[in-house]
Structure formats: structure tokens, C-alpha cells
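In what follows, a single structure is set out as C-alpha cells and then discussed.
The values are calculated or read from the model by the stated rules, or taken from the named source; none is laboratory data. Everything quoted here is computed from the prediction, not taken from an experiment. All Cβ positions, glycine included, derive from the backbone under ideal geometry; neighbour counts span all protein chains shown. These accessible areas exclude ligands, DNA and RNA; they are computed on the full protein's heavy atoms, side chains included. Shrake-Rupley method; radii C 1.70, N 1.55, O 1.52, S 1.80 Å.
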Amino acid sequence: QVQLVESGGGLVQSGGSLRLSCAASGMIISSYSMGWYRQAPGQLRELVSFITADGTANYVDSVKGRFTISRDNAKNAVYLQMNSLKPEDTAVYYCNAGLRTRYYWGKGTLVTVSS
């Protein structure tokens with residue numbers, strides 16, 4: 001059974017940092033593109049960042065220069081370092097694994113940024 005489990009969310013003040021982790025089990029992430037999505041209250045889920053199997057990272061414009069995605073295939077995990085957080089970053093953050101037509105989702109971790 002494939003599981004993606006996010007952790008590291010919480011309450012932080014504007015300008016602060018958090019590091020999200022996504023631990024995978026029941027699958028080997030090395031062949032997968034791994035991504036982070038977020039969904040704010042009343043909003044659609046949006047892609048924040050993804051990293052391809054070969055390690056190429058991509059970011060939505062609103063987080064470029066502030067967020068860094070990384071992967072550790074040996075630990076079967078992916079991370080999202082979030083710096084200079086803003087209130088508009090408040091959302092539930094979801095981990096995603098994708099390989100061709102196969103996709104898996106975690107249950108999310110809540111990030112709340114206070115002003």
C-alpha cells in the first residue's frame with residue numbers, strides 16, 4: 001500500500017521558515033516526479049513546486065527565491081524548505097508523486113502564517 005505522509009507544518013510568523021517533509025512508503029520514489037501542492041481555504045489546489053526524477057526543480061512564480069524543493073532517494077523522501085513566509089502562503093500543503101499515469105497523494109499538512 002502506497003503512502004505519502006507529510007509533516008513539518010505549523011504556525012509561523014510572517015518572515016519565518018518551515019521545512020516540510022514527505023515520507024513515502026510502499027513505493028520507491030527514485031523514478032517519480034515529486035511535487036508539493038497547496039490549497040488555501042476556498043481556493044483550488046495549486047502546484048507549488050516539483051522536482052523531476054533527474055533532480056530538476058521547478059517553482060510557481062509566487063514562491064521562487066523563497067522555497068526550495070529537494071529529494072533524498074536514499075531516504076525515500078522529499079522536502080520543501082520555505083523561507084520568508086507570507087500570510088498568503090497559508091494553506092494545506094500536499095505531497096504528490098507522479099509517474100506517467102500513476103499518481104499518489106498525501107493527506108496534507110497545514111501551514112499557517114500569521115501577519
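All conditions but one from (1) surrounded by 15 or more Cβ atoms within 10 Å (Cβ to Cβ); (2) under 10 Å from the mean Cα position of the chain (by Cα) apply to R19; the one that does not is (1). Would you point out the residue of segment 70-82, among those that are surrounded by fewer than 21 Cβ atoms within 10 Å (Cβ to Cβ) and among the hydrophobic types (A, V, I, L, M, F, W, C), that is nearest to L4 (Cα to Cα)? Once the filter is applied, the top-ranked residue is A77. Restricting the first member to segment 62-76 and to residues that are free of Cβ contacts under 8 Å to residues at least 40 places away in the same chain and over 27 Å from I28 (Cβ atoms), and the second to residues that are among the small types (G, A, S) and surrounded by 15 or more Cβ atoms within 10 Å (Cβ to Cβ), the beta-carbon pairs closer than 7 Å and six or more apart or on different chains are V63/S49. Which of the residues that make up segment 85-115 are among the small types (G, A, S) and crowded, with 20+ Cβ neighbours inside 10 Å? Answer for segment 85-115, where residues must be among the small types (G, A, S) and crowded, with 20+ Cβ neighbours inside 10 Å: A91, A97, G106. Of all the residues in segment 11-28, those that are of a type outside the set (A, V, I, L, M) and closer than 12 Å to G108 by Cα number 2. The residues on offer are R45, R66, R38, and the sole one that is open to solvent by 60 Å² or more (accessible area, probe 1.4 Å), within 22 Å of S114 (Cα to Cα) and within 14 Å of the chain's Cα centre (by Cα) is R45.
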